[in-house]
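Trainee: First, the structure itself, so that you have it in front of you.
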Amino acid sequence: MKIYDISMKIHENMMVYKNKPDKRPLIWVAHDFTDSSAYESRIDIDLHTGTHIDAPLHMVKDGATVDTIDLEKLVSHCQVIDLTHVKDCIRKEDLENLILKEDYFILFKTQNSMSDSFDPEFIYLEKCAADYLRKKKIKGVGIDSLGIERSQEGNMKPIK
Ligand SMILES: [Zn+2]
(Lines give C-alpha, C1' and ligand atoms only; values in the text may rest on other atoms or scores of the structure.)
Protein backbone atom coordinates (compact mmCIF):
# COMPACT_ATOMS: atom_id res chain seq x y z
CA MET A 1 0.00 0.00 0.00
CA LYS A 2 1.40 3.38 -0.99
CA ILE A 3 1.03 5.84 1.88
CA TYR A 4 0.22 9.50 1.17
CA ASP A 5 0.73 12.08 3.89
CA ILE A 6 -2.09 14.57 3.39
CA SER A 7 -1.02 16.86 6.23
CA MET A 8 -1.12 20.55 5.42
CA LYS A 9 1.94 22.64 6.18
CA ILE A 10 1.49 24.50 9.45
CA HIS A 11 2.44 28.18 9.40
CA GLU A 12 1.25 31.41 10.99
CA ASN A 13 -0.58 32.62 7.87
CA MET A 14 -2.46 29.42 7.13
CA MET A 15 -6.23 29.31 6.76
CA VAL A 16 -8.06 29.29 10.10
CA TYR A 17 -11.71 28.82 10.95
CA LYS A 18 -13.73 31.99 10.37
CA ASN A 19 -10.41 33.85 9.93
CA LYS A 20 -10.29 34.38 13.69
CA PRO A 21 -6.95 35.88 14.76
CA ASP A 22 -6.93 33.86 17.99
CA LYS A 23 -6.98 30.67 15.91
CA ARG A 24 -3.78 31.54 14.05
CA PRO A 25 -0.88 29.22 14.93
CA LEU A 26 1.88 30.84 16.94
CA ILE A 27 5.33 29.40 16.36
CA TRP A 28 8.37 30.73 18.14
CA VAL A 29 11.86 29.81 19.20
CA ALA A 30 12.01 29.34 22.96
CA HIS A 31 15.77 28.75 23.00
CA ASP A 32 18.51 28.70 20.44
CA PHE A 33 22.26 28.30 20.59
CA THR A 34 22.72 31.91 21.71
CA ASP A 35 21.18 31.16 25.10
CA SER A 36 21.16 27.38 25.33
CA SER A 37 22.97 24.24 24.31
CA ALA A 38 19.87 23.13 22.41
CA TYR A 39 17.41 24.59 19.91
CA GLU A 40 13.81 24.45 21.17
CA SER A 41 10.77 25.74 19.33
CA ARG A 42 7.19 26.00 20.50
CA ILE A 43 3.82 26.02 18.84
CA ASP A 44 0.41 27.12 20.02
CA ILE A 45 -2.31 25.93 17.66
CA ASP A 46 -6.04 25.45 17.70
CA LEU A 47 -6.55 21.77 16.95
CA HIS A 48 -9.37 22.64 14.54
CA THR A 49 -6.76 23.94 12.10
CA GLY A 50 -5.12 22.45 9.04
CA THR A 51 -5.35 18.74 8.39
CA HIS A 52 -7.01 17.32 11.45
CA ILE A 53 -9.64 14.96 12.68
CA ASP A 54 -12.50 15.99 14.93
CA ALA A 55 -13.05 13.79 17.94
CA PRO A 56 -16.67 13.28 18.99
CA LEU A 57 -15.94 15.65 21.91
CA HIS A 58 -15.62 18.50 19.40
CA MET A 59 -19.38 18.49 18.84
CA VAL A 60 -20.81 16.18 21.52
CA LYS A 61 -20.77 17.12 25.21
CA ASP A 62 -18.83 14.42 27.07
CA GLY A 63 -18.03 12.78 23.72
CA ALA A 64 -14.98 10.61 23.15
CA THR A 65 -11.58 12.28 22.94
CA VAL A 66 -9.17 11.99 20.03
CA ASP A 67 -6.89 9.57 21.87
CA THR A 68 -9.69 6.99 21.76
CA ILE A 69 -9.71 6.94 17.94
CA ASP A 70 -8.08 3.77 16.65
CA LEU A 71 -5.02 4.64 14.54
CA GLU A 72 -6.05 1.85 12.18
CA LYS A 73 -8.87 4.16 11.08
CA LEU A 74 -6.44 6.93 10.19
CA VAL A 75 -4.03 4.88 8.10
CA SER A 76 -6.42 3.40 5.62
CA HIS A 77 -7.29 2.61 2.06
CA CYS A 78 -8.90 5.72 0.75
CA GLN A 79 -11.11 6.93 -2.06
CA VAL A 80 -10.80 10.53 -3.19
CA ILE A 81 -14.08 11.62 -4.73
CA ASP A 82 -13.98 14.61 -7.09
CA LEU A 83 -17.06 16.71 -6.34
CA THR A 84 -15.68 19.99 -7.66
CA HIS A 85 -18.88 20.39 -9.70
CA VAL A 86 -21.04 20.52 -6.53
CA LYS A 87 -22.48 23.87 -5.43
CA ASP A 88 -23.25 24.83 -1.80
CA CYS A 89 -23.29 21.34 -0.27
CA ILE A 90 -22.83 17.64 -0.94
CA ARG A 91 -26.26 16.04 -1.11
CA LYS A 92 -27.26 12.39 -0.99
CA GLU A 93 -28.08 12.65 -4.69
CA ASP A 94 -24.44 13.56 -5.38
CA LEU A 95 -23.33 10.25 -3.84
CA GLU A 96 -25.91 7.72 -4.93
CA ASN A 97 -24.33 6.94 -8.31
CA LEU A 98 -20.82 6.57 -6.89
CA ILE A 99 -19.24 3.23 -6.10
CA LEU A 100 -18.18 3.72 -2.49
CA LYS A 101 -15.98 0.97 -1.13
CA GLU A 102 -16.96 -0.45 2.21
CA ASP A 103 -14.33 0.05 4.92
CA TYR A 104 -12.51 2.73 2.91
CA PHE A 105 -11.91 6.26 4.15
CA ILE A 106 -13.66 8.73 1.83
CA LEU A 107 -12.14 12.14 1.06
CA PHE A 108 -14.17 14.71 -0.83
CA LYS A 109 -12.42 17.14 -3.15
CA THR A 110 -14.68 20.14 -3.67
CA GLN A 111 -14.45 23.76 -4.75
CA ASN A 112 -13.07 24.39 -1.25
CA SER A 113 -9.73 23.25 -2.64
CA MET A 114 -9.68 26.17 -5.07
CA SER A 115 -8.97 28.77 -2.38
CA ASP A 116 -6.35 29.26 0.34
CA SER A 117 -8.58 31.54 2.40
CA PHE A 118 -11.53 30.63 4.61
CA ASP A 119 -14.90 30.94 2.91
CA PRO A 120 -17.84 31.03 5.37
CA GLU A 121 -19.95 29.56 2.56
CA PHE A 122 -17.69 26.53 2.20
CA ILE A 123 -19.03 23.35 0.61
CA TYR A 124 -20.30 21.07 3.38
CA LEU A 125 -21.81 17.62 3.76
CA GLU A 126 -25.60 17.77 4.05
CA LYS A 127 -27.14 15.62 6.81
CA CYS A 128 -28.97 13.17 4.50
CA ALA A 129 -25.69 12.62 2.65
CA ALA A 130 -23.95 11.90 5.96
CA ASP A 131 -26.67 9.40 6.85
CA TYR A 132 -26.23 7.79 3.44
CA LEU A 133 -22.48 7.43 4.00
CA ARG A 134 -23.03 5.86 7.41
CA LYS A 135 -25.22 3.18 5.83
CA LYS A 136 -22.47 2.48 3.29
CA LYS A 137 -20.21 1.38 6.17
CA ILE A 138 -17.28 3.51 5.16
CA LYS A 139 -14.40 3.87 7.59
CA GLY A 140 -14.52 7.66 7.77
CA VAL A 141 -15.07 10.80 5.76
CA GLY A 142 -13.01 13.91 5.18
CA ILE A 143 -13.50 17.15 3.29
CA ASP A 144 -11.23 19.90 2.05
CA SER A 145 -12.51 22.56 4.46
CA LEU A 146 -12.11 23.32 8.15
CA GLY A 147 -15.60 22.05 8.80
CA ILE A 148 -17.75 19.34 7.30
CA GLU A 149 -21.07 20.82 8.37
CA ARG A 150 -22.71 24.23 8.53
CA SER A 151 -26.03 25.99 8.40
CA GLN A 152 -28.27 22.98 8.98
CA GLU A 153 -31.33 22.92 11.19
CA GLY A 154 -30.62 21.29 14.55
CA ASN A 155 -26.88 21.38 14.09
CA MET A 156 -24.44 24.23 14.36
CA LYS A 157 -25.51 27.84 14.16
CA PRO A 158 -25.08 29.45 10.75
CA ILE A 159 -21.74 31.15 10.22
CA LYS A 160 -22.03 34.94 10.09
ZN1 LIG B 1 -12.25 20.21 13.12
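The values are calculated or read from the model by the stated rules, or taken from the named source; none is laboratory data. Keep in mind that what you see is a predicted model, and the values were worked out from it rather than measured. Heads up, the Cβs are rebuilt from the backbone with ideal geometry, glycines too, and the neighbour counts pull from every protein chain shown. Surface areas here come from the heavy atoms of the whole protein model, side chains and all, with no ligands, DNA or RNA. Shrake-Rupley method; radii C 1.70, N 1.55, O 1.52, S 1.80 Å.
Trainee: If exposed means no more than 15 neighbouring beta carbons inside 10 Å and the site is in a DSSP loop, what's the longest run of the chain without any exposed chymotrypsin sites (Phe, Trp or Tyr not before Pro)?
Mentor: Maximal segment without exposed cleavage sites: 40-160.
Trainee: R0 = 25 Å: FRET efficiency of D116 with T51, Cβ-based, nearest 0.05?
Mentor: Values: r = 14 Å, r/R0 = 0.56.
Efficiency, from the Cβ-Cβ distance: 0.95.
Trainee: Taking only C-alpha pairs under 8 Å that are 6+ residues apart, what is the relative contact order of the chain in percent? Intermediate results must be reported in sequence, preceding the final value.
Mentor: Numbers: 233 pairs, mean separation 29.8, N = 160.
Taking the mean separation of contacting Cα pairs over the length of the chain, I get 19 percent.
Trainee: Tell me, what is the 1.4 Å probe accessible area of S7, in Å² to the nearest 10?
Mentor: 80
Trainee: Suppose every K and R has +1 on its Cβ and every D and E has -1 on its Cβ; what is the size of the dipole of segment 76-160 about the Cα centre, in Debye to the nearest 20? List each step's numbers first, then the result.
Mentor: On the way: 14 positive and 15 negative charges, 65 e Å.
Approximately 300 debye in magnitude.
Trainee: Follow-up question, since we're still on this one. Mind listing which GluC sites (Glu not before Pro) in segment 63-122 are in a DSSP loop and have 15 or fewer other Cβ atoms within 10 Å? Before the final figure, lay out the partial values.
Mentor: On the way: sites: E72, E93, E96, E102, E121; in loops: E96, E102, E121.
Sites meeting the loop and neighbour criteria: E96, E102, E121.
Trainee: Hey, another quick one. Work out how far the C-alpha atoms of the chain reach from end to end along every principal axis, then list the three figures in whole Å, largest first.
Mentor: 61, 41, 35
Trainee: Could you size up the charge dipole of segment 24-148 around its Cα centre, putting +1 on the beta carbon of Lys and Arg and -1 on that of Asp and Glu, and report it in debye to the nearest 20?
Mentor: Numbers: 15 positive and 23 negative charges, 121 e Å.
With Lys and Arg at +1 and Asp and Glu at -1, about 580 debye.
Trainee: Here's a follow-up. What share of all Cα pairs of segment 17-76, in percent, falls into each consecutive 5 Å distance bin?
Mentor: For segment 17-76, the pair-distance distribution reads 4, 14, 15, 16, 16, 14, 11, 7, 3, 0.
Trainee: Right, next: How many angstrom separate the Cα center of segment 19-89 from the Cα center of segment 92-107?
Mentor: 25
Trainee: Quick check for you: with a 1.4 Å probe and neighbouring chains kept, what is the accessible area per residue of the chain, in Å²? Kindly include the intermediate steps, with their values, before the conclusion.
Mentor: On the way: 11320 Å² over 160 residues.
Computed with neighbouring chains in place, this is 71 Å² per residue.
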